[in-house]
Amino acid sequence: MDTIFLMNSLWVMVGAVLVILMIGGFILLETGSTRMKNAGHIAGKTILTFGISSIVFWAVGYGLIFGKGNPLIGFSDFLYSGYDIDGLPLSGSVFFLFQLAFAGISLTIAFGGFAERAKLGAYLVFALLFSVIVYPPIAHWIWGGGWLAEHGKQDFAGSTVVHLTGAMAALAATILLKPRIGKFNKDGSANNIAGHNQVFTALSVLILWVGWFGFNAGSTLSVDSAFFGFVAMNTNLAAAAGTIAAMIISWIVLGKADVPMMLNGALAGLVAITASCAFVETWAAVLIGFIAGILVFYSIRFFEKVKIDDPIAALSVHGTAGVWGTLSTGFFATKELATVGKPGLFYGGGLHQLGVQALGVVTCAAFAFIVSFILLAIMKKAMNGLRVTEEEEIIGLDMSEHGSYGYPELLKAEQKINA
Amino acid sequence: MEDNIYSKIVEFKQEHINEAVHEHFKLNHLHDEIIKQVVEVAINQVIDQHGPPPSPFSFFVMGSAGRLEQSVWSDQDHGIIYHDQNDEVKSYFLTLGREISKGLFQAGYPYCDGGVMASNPFWCKSIAEWQQQLTKWVLESSWESIRYLLIFLDGRSFYGESTYVDQLKKHLYQTTNKEQLLTKSLRNTLHLKKGINVLGKLLVETHGPHAGALNIKEIGLYPYVNAVRLLSIKEKRLETSTLLRLEKIPDSCFPFAGKQFYQQQFLKLLQYRLLFGDHTNYDSGHYLAIHMLTKEQTKEIKEIIKNGAALFHHVRRLLEKDDTDGDE
């Protein structure tokens with residue numbers, strides 16, 4: 001067998017493993033940024049919905065994205081059985097697994113907008129619907145040879161496809177679910193519902209950071225010229241710059257070195273560089289990450305101001321930074337690196353690529369938001385509400401949805417004190 | 001149900017508080033008057049039930065009442081020093097302390113979260129016990145014990161034997177190494193809450209019920225109060241109010257602007273708190289509604305905050321310098 005084929009397969013397999021491990025990162029991120037009484041639920045449902053997403057991806061998702069079809073949707077290769085794909089220089093099943101991981105991540109991001117108040121049933125039903133109706137069309141448009149791919153849209157590893165899509169579904173959910181009890185006061189001011197474990201949140205960022213090497217560098221889908229090293233380097237630098245930028249801006253504006261903000265800065269840097277990591281020079285990667293770190297700070301404040309309760313900052317980290325990352329190639333893509341599309345504004349490409357990127361962002365964001373909103377609105381009606389009751393929200397979803405606490409000893413002790 | 005013996009005082013407060021809420025000295029005078037009435041009613045109540053006080057004693061106030069810096073609402077901070085030492089006396093004055101606390105609570109002064117009240121044996125002791133306690137606090141020199149000392153140093157004799165508090169303060173100054181006490185006290189109050197960011201904007205609360213308002217207590221008042229208290233210890237003074245302390249501390253301790261300047265700044269700050277605080281409850285009264293201020297007023301607040309921080313840093317350098325001089 002061809003050595004390159006084997007090496008490509010091995011490398012992308014490593015990537016797939018890293019991306020699936022990012023689910024673990026999201027478990028820590030989401031539990032760390034929320035309250036104890038919901039920790040077991042959040043951790044458990046993340047694994048469960050990844051399970052649902054995997055089965056759906058195998059049954060239909062893969063076929064809708066990569067099957068033969070038209071510019072809007074693919075329509076073959078359902079119930080994929082692991083055969084190799086013509087013209088693909090790596091094992092078909094490895095490619096499948098890698099793509100399955102991405103679909104799972106996008107869904108996990110969407111569920112950030114559900115945190116601490118959605119019913120378990122809402123998670124299960126939306127996992128199914130998102131994996132069939134929301135994610136595959138967008139992935140097909142950009143990666144499956146759909147109309148945006150033909151149009152020359154640059155989204156190397158999925159700032160739009162994975163992150164923005166997930167964030168838009170999260171936005172639809174958080175609007176329909178309404179803020180958590182106690183988030184906003186009657187006079188409109190916001191309360192800070194602090195996460196229960198900053199160490200979890202910091203560890204989550206490290207796991208995601210490392211996982212992102214699979215996400216971005218793995219998206220080369222080949223070991224050719226060891227280009228994955230360059231992509232990984234850009235990825236690391238953008239994350240680093242995002243971290244520092246968020247810390248600086250938080251210190252300048254708030255007068256304090258805010259830890260959750262700094263961590264969001266790291267993630268924003270990673271999300272932003274996801275689209276551009278293979279198309280831009282190193283200095284641009286640093287700048288893209290840095291700007292993402294600033295943007296995420298203002299974005300979080302913006303959503304709070306308009307009274308959208310986003311418990312784990314999914315809208316800002318994945319949405320705002322996803323938009324910025326996608327647009328960034330319109331400025332910074334170089335002639336040599338722009339294997340898809342054209343060079344950006346600063347490399348003699350004029351406004352062309354920026355326009356392509358903007359069109360891609362707007363259409364994908366609109367599609368993801370509108371479709372998710374409609375699906376969730378129907379679900380809300382059909383399921384008699386997406387949200388748990390007030391009482392259930394107060395005792396915590398660990399108890400209301402699963403019948404046991406993630407931290408049983410601690411919460412029992414607390415109840416005793418309160419009683 | 002017990003008939004409320006404090007209801008007249010509550011009425012008196014309601015009648016007079018509105019005339020006083022916009023004027024610092026008038027307001028603090030009124031608070032003193034109310035507290036005095038409560039203490040008198042409480043003493044009579046205890047006399048009725050347990051007979052006359054078995055020993056001479058002093059009831060003293062601390063915290064903002066001690067410093068004569070109370071806002072519209074103020075919590076309780078007080079203690080008792082009695083002369084004779086035995087269990088009966090102790091029990092009598094604890095009963096009195098409880099009655100006073102109860103009366104003050106009914107008159108609208110919330111209980112002290114930290115338990116700094118004469119109903120707590122920790123703050124209700126004989127002179128001899130108080131002396132031992134002060135010595136112990138100095139020797140222990142933990143963050144907690146120094147905090148108690150600083151609270152005690154804001155103590156102002158309020159009712160009964162007026163010399164007891166000062167006697168104890170003098171005892172404290174005489175028996176401790178001043179430099180050591182100063183160094184420890186400085187270490188306890190070093191943390192300043194930041195009030196202005198590098199862009200020169202006021203740092204208001206971002207979350208919670210006071211979002212958008214400025215924590216004037218911690219950001220504005222504390223640096224002045226703490227800096228001046230430190231100088232007062234340095235000069236072994238007995239006064240408690242920041243303004244009076246400023247008056248008695250020699251000019252040489254202050255930056256070029258001079259102490260009258262800091263007196264004015266501090267008084268202005270107290271006025272701002274009265275005029276622009278939300279005095280619906282104790283907690284909200286410490287927050288300044290920045291959006292109600294004119295541009296000039298906002299600028300003035302920023303200046304006062306900066307001057308407070310500058311004064312604090314000056315005092316810090318002064319004490320640290322003294323400290324190293326002392327080592328040589």
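Which order, highest average first, do A:211-220, A:339-348 follow once you tally other Cβ atoms within 10 Å for each residue and take the mean per peptide?
A:211-220, A:339-348
List the lysines whose alpha-carbon lies under 20 Å from that of B:Lys36, not counting same-chain residues fewer than 8 positions away?
Cross-link targets: B:Lys8, B:Lys13, B:Lys26, B:Lys102.
Over the residues of the range B:186-327, compute the C-alpha Rg and express it relative to 2.2 N^0.38 Å.
1.09
Which listed residue (B:Leu270, B:Leu199, B:Ala20) has the Cα farthest towards the positive end of the charge dipole for chain B, taking +1 on Lys and Arg C-beta and -1 on Asp and Glu C-beta about the Cα centre?
Value: B:Leu199.
Per 20 Å bin, what percent of the C-alpha pairs of the protein assembly as shown does each bin hold, from zero upward?
The distribution over the protein assembly as shown is 15, 36, 27, 18, 4, 0, given as percents.
In the neighborhood of A:Ser250, defined by Cβ-to-Cβ distances under 12 Å, what is the net charge if each Lys or Arg adds +1 and each Asp or Glu adds -1?
+1
Ranked from highest to lowest mean number of other Cβ atoms within 10 Å per residue, what is the order of the peptides A:380-386, B:167-173?
Going by the mean number of other Cβ atoms within 10 Å, highest first, we get B:167-173, A:380-386.
Taking the Cβ of A:Thr46 as the center, what net charge do the other residues with Cβ under 15 Å away carry, scoring Lys and Arg +1 and Asp and Glu -1?
Spelling it out: positives minus negatives among the neighbours equals -3.
Counting only protein heavy atoms and using a 1.4 Å probe, what share of the accessible area of chain B belongs to carbon plus sulfur, as a whole percent?
The C+S portion of the solvent-accessible surface of chain B is 52 percent.
What number comes out for accessible area per residue over the range B:7-175 if the probe is 1.4 Å? Units Å², please.
Accessible area per residue: 43 Å².
Using the Cα centre as the reference, give the magnitude of the dipole from point charges on the C-beta atoms of the range B:186-327 (Lys, Arg: +1; Asp, Glu: -1; all else neutral), rounded to the nearest 20 debye.
120
If you split all Cα-Cα distances of chain B into 20 Å bins from zero, what percentages do you get per bin, shortest first?
P(r) over chain B, rounded to whole percents: 30, 57, 13, 0.
Counting partner chain Cβ atoms within 10 Å of every residue's Cβ in B:201-210, what's the average?
4
Please go through the residue pairs B:Lys193/B:Lys268; B:Lys90/B:Lys136; A:Lys256/B:Lys268; A:Lys305/A:Lys412 and name each one whose alpha carbons sit more than 31 Å apart in this structure.
A:Lys305/A:Lys412
Can you pull the semi-axes for the range A:149-217, root of five times each eigenvalue of the Cα gyration tensor, sorted largest first, whole Å?
For the range A:149-217, the ellipsoid semi-axes come out as 31, 21, 8 Å.
Work out the length of the dipole vector of chain A about its Cα centre, built from +1 on the beta-carbon of each Lys and Arg and -1 on the beta-carbon of each Asp and Glu, and round it to the nearest 20 debye.
960
Calculate the all-directions average of the projected area of the range B:8-99's alpha-carbon convex hull, and give it in nm².
Seen from a random direction, the Cα hull of the range B:8-99 projects 6.2 nm² on average.
Accessible area per residue for the range A:94-232 in Å², computed with a 1.4 Å probe and the full protein assembly in place, what is it?
Computed with neighbouring chains in place, this is 28 Å² per residue.
With all pairs of different alpha carbon atoms counted, what Kirkwood hydrodynamic radius in Å does the range A:12-112 show?
14.6
With +1 on each Lys and Arg Cβ and -1 on each Asp and Glu Cβ, and nothing else charged, work out how big the dipole of the range B:7-175 is about its Cα centre, in Debye to the nearest 20.
260
Once you compute Rg and the Kirkwood Rh from C-alpha atoms, what is the Rg to Rh ratio for the range B:7-175?
Value, to two decimals: 0.97.
Calculated FRET efficiency, A:Leu79 and A:Lys256, Cβ-Cβ r, R0 51 Å, to nearest 0.05?
Plugging the Cβ-Cβ distance into 1/(1 + (r/R0)^6) gives 0.45.
What's the FRET efficiency of B:His171 with A:Ala366 using the Cβ-Cβ distance as r and R₀ = 60 Å, to the nearest 0.05?
With a Förster radius of 60 Å, E is 0.20.
Please pull out the direction-averaged projected area of the range A:219-320, using the convex hull of its alpha-carbon atoms, in nm² to one decimal place.
Averaging across all directions leaves 6.5 nm² for the Cα convex hull.
At a probe of 1.4 Å, how much accessible area disappears from chains A and B on forming the pair, both sides counted, to the nearest 100 Å²?
Counting both chains, the buried surface is close to 900 Å².
The range B:67-141: D in µm²/s via Stokes-Einstein (Kirkwood Rh, Cα pairs, 37 °C, 0.692 mPa s)?
My calculation gives 247 µm²/s for D.
Can you give the percent of C-alpha pairs in the range A:3-400 whose distance is more than 36 Å?
18
The values are calculated or read from the model by the stated rules, or taken from the named source; none is laboratory data. For clarity, every value in this text was computed on a predicted model and none was experimentally measured. In this analysis, Cβ positions are derived from the backbone assuming ideal geometry, glycine residues included, and neighbour counts consider all displayed protein chains. Each accessible area value is taken on the protein alone, full model and side chains, heavy atoms only, with ligands, DNA and RNA left out. Shrake-Rupley method; radii C 1.70, N 1.55, O 1.52, S 1.80 Å.
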